[in-house]
1. Could you check how many residues of region 1-40 are part of a loop (DSSP other than H, G, I, E, B) and aliphatic (A, V, I, L, M)?
2. Mind checking which pairs have a first residue in region 176-193 that is within 15 Å of Val132 (Cβ to Cβ) and a second that is assigned to a loop (DSSP other than H, G, I, E, B) and near the ligand (Cβ under 6 Å from one of its atoms), Cβ under 9 Å, 6 or more apart or different chains?
3. Among the residues of region 162-178, which ones are assigned to a helix (DSSP H, G or I) and open to solvent by less than 20 Å² (accessible area, probe 1.4 Å)?
4. Scan region 90-103 for residues that are buried (at least 18 other Cβ atoms within 10 Å of the Cβ) and either within 13 Å of the ligand (Cβ to nearest atom) or free of Cβ contacts under 8 Å to residues at least 40 places away in the same chain (or both) and report the count.
5. Specify the residue that is least open to solvent (accessible area, probe 1.4 Å); the eligible residues are those in region 57-86 that are in a loop (DSSP other than H, G, I, E, B) and more than 11 Å from the ligand (Cβ to nearest atom).
Amino acid sequence: MPTALITGASHVLGRAAARALARLGWSLIVDARHPVDLADAVSGLPHVTAIPGDVTDPGHRAELAATAVRLGPLDLLVNNASTLGTSPLPPLRDYELGELRRVYETNVLAPLALVQLLAAPLANAAGVIVNVSSDAAVEPYPGWGGYGSSKAALDQVTAVLAAEEPGVRCYAFDPGDMRTRMHQDAFPGEDISDRPEPETVVPALLRLISERPPSGRYRASDLLTVAAGAPTAPPSPAEVPA
Ligand SMILES: NC(=O)c1ccc[n+]([C@@H]2O[C@H](COP(=O)([O-])OP(=O)(O)OC[C@H]3O[C@@H](n4cnc5c(N)ncnc54)[C@H](OP(=O)(O)O)[C@@H]3O)[C@@H](O)[C@H]2O)c1
């Protein structure tokens, strides 16, 4: 039975991914900060170890890693937990630096710390790392400089890991806009009901995991387009502006 660790599995994308993988027979380790939401997200799923906690807490990360090591080789690490930072989104010249530090702790340092702790079990499984990114990593949207620059850093961490760890597939996965709590926070008071449901993105994530194309940055929309039009050819990594 393959094993995955998914952070931020209590809501929307993380929750949908966890439920989809559990249905496919995966054993899961999941986390999120709020224990009741986390328990609710994985209720009824077999082979799930839910460990509430904050990914920025080294003690919590150590507990996640110890559990993964105890279970054996780790086939998949999905660094999904993330923070948008200040809402409404401030311009960079006004960004409070303590808050920006918290954004980087959550979106860059915590994912890298988990990779560091789990490098051995991931290598033993010839596993997959999926770092969930955003189009804000490559598009200079006004107001998105804090979150976007953290995701750009995460993309580069992913790219360098791919060069350094050839035995492990390393993906930056851009899910595109989704109708989630985070997206609503980015557009306070706006109607976001036209954004796709997170469940529509999960098939793209599953494609990445099952077909294991070369390490790189992938957009869900590209993976889904190729899946619909040409099922035998995995897409190439997305072109990222220099
Ligand atoms: N929504 C979009 O349109 C969009 C677009 C592009 C990329 N993304 C990316 O997609 C991923 C999922 O986003 P989402 O919209 O589903 O976010 P979300 O609705 O805010 O859910 C985030 C999940 O992570 C958990 N989490 C947040 N901070 C955490 C922490 N410090 N430690 C542990 N768990 C934590 C949350 O639960 P707790 O609050 O209980 O901790 C929740 O389960 C993120 O990486 C995001 O950057 C989203």
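1. Matching residues across region 1-40 total 4.
2. Gly176/Ser134; Thr180/His11; Arg181/His11; Met182/His11; Met182/Ser82; Met182/Thr83; His183/Asp177
3. If the condition is that a residue be assigned to a helix (DSSP H, G or I) and open to solvent by less than 20 Å² (accessible area, probe 1.4 Å), then no residue fits.
4. Looking only at that region, the number is 1.
5. So the residue we want is Leu74.
The values are calculated or read from the model by the stated rules, or taken from the named source; none is laboratory data. All values reported here derive from a predicted model rather than from experimental measurement. Positions of Cβ are generated from backbone atoms using ideal geometry, with glycine treated the same way; all protein chains shown enter the neighbour counts. When the accessible area is computed, the model is the full protein with side chains, heavy atoms only, and any ligands, DNA or RNA have been set aside. Shrake-Rupley method; radii C 1.70, N 1.55, O 1.52, S 1.80 Å.
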